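Visitor: Starting off with a structure, shown below.
The values are calculated or read from the model by the stated rules, or taken from the named source; none is laboratory data. Bear in mind the structure is a predicted one, so any value in this text is a computation, not a measurement. Ideal geometry is used to build each Cβ from the backbone, glycine not excepted, and the neighbour counts take in all protein chains shown.
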Protein chains: 2
Amino acid sequence: MSATPAMDALEDRFRRLSALAGAEGVLGWDQRVVMPKGGAEARAEQLATLSVLHHEILTAPAVAEALDAASTEPLDGWRAANLLEMRRRHAHATAVSAGLVEALSRAGSRCEALWREARAKADFGIVRAALTEQVRLVREEAAAKADALATTPYEALLDGYEPGGSIARIEALFAELEGDLPPLLEAVLERQESREPATAPSGPFPVAAQRTLAQRVMTTLGFDFNHGRLDETLHPFCGGVPDDVRITTRYDEAGFVSGIMGVIHETGHALYERGLPGDWRHQPVGEARGMVMHESQSLLMEMQACRSPAFLGLLSGWAREAFASDGQAWDPENLHRVYTRVERSFIRVEADEITYPLHVILRTRLERALLSGDLDVAELPAEWNAGMRDLLGVTPPNDALGCLQDIHWYDRAIGYFPTYTLGAMAAAQLFQAAVAADPAIPEAIGRGDFAPLLGWLGVHVHGRASSLGTEEILQAATGSTLSAGPFLAHLKARYLDA
Amino acid sequence: MSATPAMDALEDRFRRLSALAGAEGVLGWDQRVVMPKGGAEARAEQLATLSVLHHEILTAPAVAEALDAASTEPLDGWRAANLLEMRRRHAHATAVSAGLVEALSRAGSRCEALWREARAKADFGIVRAALTEQVRLVREEAAAKADALATTPYEALLDGYEPGGSIARIEALFAELEGDLPPLLEAVLERQESREPATAPSGPFPVAAQRTLAQRVMTTLGFDFNHGRLDETLHPFCGGVPDDVRITTRYDEAGFVSGIMGVIHETGHALYERGLPGDWRHQPVGEARGMVMHESQSLLMEMQACRSPAFLGLLSGWAREAFASDGQAWDPENLHRVYTRVERSFIRVEADEITYPLHVILRTRLERALLSGDLDVAELPAEWNAGMRDLLGVTPPNDALGCLQDIHWYDRAIGYFPTYTLGAMAAAQLFQAAVAADPAIPEAIGRGDFAPLLGWLGVHVHGRASSLGTEEILQAATGSTLSAGPFLAHLKARYLDA
């Protein structure tokens, strides 16, 4: 007989939950990528039903008993970490009623569908009521979870994306950025003015050629098309399950620049998923650590590895082949200027490394205010525009370029935004540690050989999954917990000293 | 307070089951249409989990109690029919254990994946063991259901596809066909020999042009792309849910003939799904009646409406446009010869109307023998080939053209095949009744106006959903239960008298 019967039963139950989550992942992918509009109501019903079942299985009375019993069983390190993760999920789930879970799922599906229309028509009014209702429900959820987790409502939501995330840590790290970034931005823009301007390669760039190039880049980075797909959506994302990771992109025939970096970004997410330890598939401890770590993996590929002169040299040749075009705009030096161009602009996902954190700081501020009730949904467009003026010095001409640009809040994700910038910091910290450990990495990247980098990430990040916390993974991998230093050093080196 | 509390509770439960079935439908579509091969294991896990949950919800002790209680409640006609359907499903589900359901789901996913490989390599050996295991499990399932439903094992499986289907009825109807078809086939082939041969339009037919033409035909027939999709798979099927119906086809650049008729066939299925009564969405009584009725709707479109000279006149002009080609092969008279060409051939899905029932008679015979144990899976290829020789006078040169050609047995569908030919009979019977009721239908079809036909089908078939049995629907719509007469009359009129 097993010495760990309670833990065995929990592992069976969580294996079932993992399959259910996988099903939800595929349905969500389908909803965004291929579902016809008229299928929305039926899909909302399906997702709501799976979500309720998930909740029922996770909150069944037997779980609480088994969690208690398992804590007295002899568990090794990974299983002990697995139990911790189970506890965390159970606490989140039992905090909210089945009725609220279902209402959130329905409101989310409705709101997301209306957001698509609102964004297309640049008309916030279309989604205002649905977002108001959704924020109301999320406040309820946050209050209930704050009680259960003995934390603040915002941190209770944050914990769902970044386990153990602390608002005090975020405030301290963001304060450092708010202090350093504005003068850095001024200096970089001034320097940029005085130097040769970047020349964007001129299109059109046929979608088929972009797709072929994207597949070539993905394969080089280590993406396995036998275990994943590349498709098209308005808002790129990485979905699916570790053995079937699906990323999306949008192709713009007029502009090639941001598209390929978007693909690299999502590929970074996908490589993390694929690199999770096979032995722990379908268990909480085998999943990605959280959104900070996830974003660190996408930004490490996009910002650290692939905007390097070494990789841009490679990309230069490939792009010339793909588009059968041979202008000077494809010279690696020019591409580097293109890919390190800094600008005060409206769209977060197209922002450069220096202004990006300012977008995130604004969103973090606004979502905290939405959650606390200090900000009404009706006032969101005006507050957004005022914040853009203050932080970035630009005012969006319409809401499609303003508060309708991101899917997050319309898809129930409040408490998520800070992880982008924490992830950018972690990316710089990890990449510097990887290169310190293996100085041959940059040169290998220039040859299209990502194996050394991927090998290091496999050991120090991907393979650790959720067996440690975010800060513990960083400490073990880099010798330090999360810090703004490596990120700011990276920005200075790339944008002022290079 | 409601006068029907037990029935209310059942309707809630079955609404949840319908959403779960919808989710399974989308996952199944994804598995066949877009899933990368490496995702197979994870998908099998997801489908098995949903299938177990479905089974648990349907077999919970509360259901049996509610079914009993509801039978004493005041229910109107549709709700009473709904209760009957619930009972039938409950009886099927309680007959088999959760363990067997899960084993069947897993074996099915594995076997289907291996079938794809086996068929591609024309190597039955690849799938032999998996099919043997699957047949073993299906035998277990059939035996258990036969006990529960007090019927024979084969009819117990048949009932899952065609509620109330009787092997005695099938034997009688098939005997009539076995008597009439061979001499009819001889006569038709002889007549065909003596007349101008059909000239197949010559390709290549670019996939993009075929797709555009397919969409035009689908729209003309009444398919709503806001509530459905057209995609590509090896084995065409109709999946999804009524508000998001997804059909597939395969394009052959070398041949245009069978592809477009395949699309019309699946569109017939899709129109049935879309035409089901919106008021009864998510309830058993609101679903399609069964596979005989379903196949009657696809064959009514494909064989009755769209192989008519009237429709082929329309198609002729559209095809000339689509392929920018103007040869004589596109003349309506020649197209009619192409689309009514009769041949002793290997592949059921490409067979003509006259030989098709002979394929089905063989499969029915073989699957009954597989189920009873009279036939070993290892002997299947040889038995198949012997049967083809006897019934059709041809011997498949390899198993890809033989027993590997159909997905059914490899996807757990035993007891399904007879419904194709019963459906062909029902199609002829229904079309003749529709034209008798509204003699303007053929001419409207020639103008691309399917509204009169669809209107009649909406009232007499689609809108009735499962409120009546198959034979009752036919009786009400045509004045007679299912009969071979109209089908044989149709064949004689089209192939001998025209």
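Visitor: Look through segment A:38-57, keep the residues that are at pLDDT 95 or above and surrounded by fewer than 20 Cβ atoms within 10 Å (Cβ to Cβ), and return whichever of them is nearest to the other protein chains (Cβ to nearest Cβ).
Guide: Residue satisfying both the conditions and the ranking: A:Gly38.
Visitor: Would you check if A:Pro284 is over 18 Å from the mean Cα position of the chain (by Cα) and of a type outside the set (A, V, I, L, M)?
Guide: Considered against the rule, which asks whether it is over 18 Å from the mean Cα position of the chain (by Cα) and of a type outside the set (A, V, I, L, M), A:Pro284 comes out as yes.
Visitor: Between a residue in segment A:80-95 that is within 17 Å of A:Asp8 (Cβ to Cβ) and any residue that is charged (D, E, K, R), which pairs come within a Cβ distance under 8 Å, given they are 6 or more apart or on different chains?
Guide: Matching pairs, first to second residue: A:Asn82/A:Glu11; A:Glu85/A:Glu287.
Visitor: Kindly evaluate B:Val245 against the criterion of being in contact (Cβ under 8 Å) with a residue 60 or more places away in the chain, over 29 Å from B:Ala484 (Cβ atoms) and within 14 Å of chain A (Cβ to nearest Cβ).
Guide: Against the criterion (in contact (Cβ under 8 Å) with a residue 60 or more places away in the chain, over 29 Å from B:Ala484 (Cβ atoms) and within 14 Å of chain A (Cβ to nearest Cβ)), B:Val245 does not qualify.
Visitor: Can you name the residue in segment B:1-37 that is among the basic types (Lys, Arg) and touching a Ser or Thr at 6+ places or on another chain (Cβ under 9 Å) and is also nearest to the other protein chains (Cβ to nearest Cβ) among such residues?
Guide: Among those residues, the one meeting the criterion is B:Arg16.
Visitor: A further question on this structure: Any idea which of (1) more than 26 Å from B:Leu173 (Cβ to Cβ); (2) without any contact (Cβ under 8 Å) to a residue 60 or more places away in the chain is the one B:Ala476 doesn't satisfy?
Guide: So B:Ala476 meets the others, but not (1).
Visitor: Can you name every residue in segment B:318-367 that is of a type in the set (Lys, Arg) and assigned to a helix (DSSP H, G or I)?
Guide: Within segment B:318-367, B:Arg320, B:Arg337, B:Arg348, B:Arg363, B:Arg365 meet the criteria.
Visitor: Criterion first (touching a helix residue (DSSP H, G or I) at 6+ places or on another chain (Cβ under 7 Å), more than 11 Å from chain A (Cβ to nearest Cβ) and modelled with pLDDT under 95) does B:His90 satisfy it?
Guide: No, not satisfied.
Visitor: From A:Glu85, A:Glu102, grab the single residue that is of a type in the set (Asp, Glu), under 26 Å from A:Leu157 (Cα atoms) and within 14 Å of chain B (Cβ to nearest Cβ).
Guide: It is A:Glu102.
Visitor: State yes or no: is A:Pro204 touching a strand residue (DSSP E or B) at 6+ places or on another chain (Cβ under 9 Å), in a loop (DSSP other than H, G, I, E, B) and either more than 30 Å from A:Ala98 (Cβ to Cβ) or assigned by TED's automatic domain parsing to the domain that holds A:Leu392 (or both)?
Guide: The answer is no for A:Pro204.
Visitor: Moving to a separate point now. Please go through (1) at negative phi; (2) surrounded by fewer than 24 Cβ atoms within 10 Å (Cβ to Cβ); (3) more than 14 Å from every other protein chain (Cβ to nearest Cβ) for B:Arg281 and return the number of the only condition it doesn't satisfy.
Guide: Unmet for B:Arg281, out of (1) at negative phi; (2) surrounded by fewer than 24 Cβ atoms within 10 Å (Cβ to Cβ); (3) more than 14 Å from every other protein chain (Cβ to nearest Cβ): (3).
Visitor: Just to confirm my filter: which helices (runs of 4 or more DSSP H) fall fully inside segment B:415-498 and include at least 1 residues that are of a type in the set (A, V, I, L, M, F, W, C) and in contact with a Ser or Thr (Cβ under 8 Å, 6 or more places away or on another chain)?
Guide: The helices (runs of 4 or more DSSP H) meeting that bar are B:418-437, B:441-446, B:470-478.
Visitor: Sticking with this one: Could we say that B:Arg216 is without any contact (Cβ under 8 Å) to a residue 40 or more places away in the chain and assigned by TED's automatic domain parsing to the domain that holds B:Ser466 here?
Guide: When the stated conditions are applied, B:Arg216 does not pass them.
Visitor: From the list A:Ser258, A:Ser345, exactly one residue is closer than 22 Å to A:Leu234 by Cα and touching a strand residue (DSSP E or B) at 6+ places or on another chain (Cβ under 9 Å). Which is it?
Guide: From the options A:Ser258, A:Ser345, the qualifying one is A:Ser258.
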